[in-house]
Amino acid sequence: MTQTKVREKKMEILRLEMYRCYQENRDSEEVIKVSQELDKLLNAFLSLPSKDNGLND
């Protein structure tokens, strides 16, 4: 599995976790925590050169 695919998988897992937390309790600190983790991962992913982040595939 390429590094891009690994990152995409991590982002998908965090996204699903965030939705689960939100459905359980939208006012939970856990929603904010997971959202912030996802933001960091997305920002790191988007800062990669386009050939490395898979956005132009």
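Structure data summary
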read-out: Among Tyr19, Val34, Phe45 - extreme Cα towards positive end, dipole of the chain, charges at beta-carbon; value: Phe45
read-out: Helix 3-24 axis, angle to the chain major axis (alpha carbon atoms, nearest 10°); value: 10
read-out: Span per principal axis, largest first, for the Cα atoms of the chain (Å); value: 38, 20, 14
read-out: Angle between the chain longest axis and helix 29-46 axis [Cα atoms, degrees, rounded to 10]; value: 10
read-out: Nearest-20 debye value, the chain charge dipole, Cβ charges on Lys, Arg, Asp, Glu; value: 240
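Coordinate-derived values only; no laboratory data. All values reported here derive from a predicted model rather than from experimental measurement. So basically every Cβ, Gly included, is an ideal-geometry build from the backbone, and we count neighbours across all protein chains shown.
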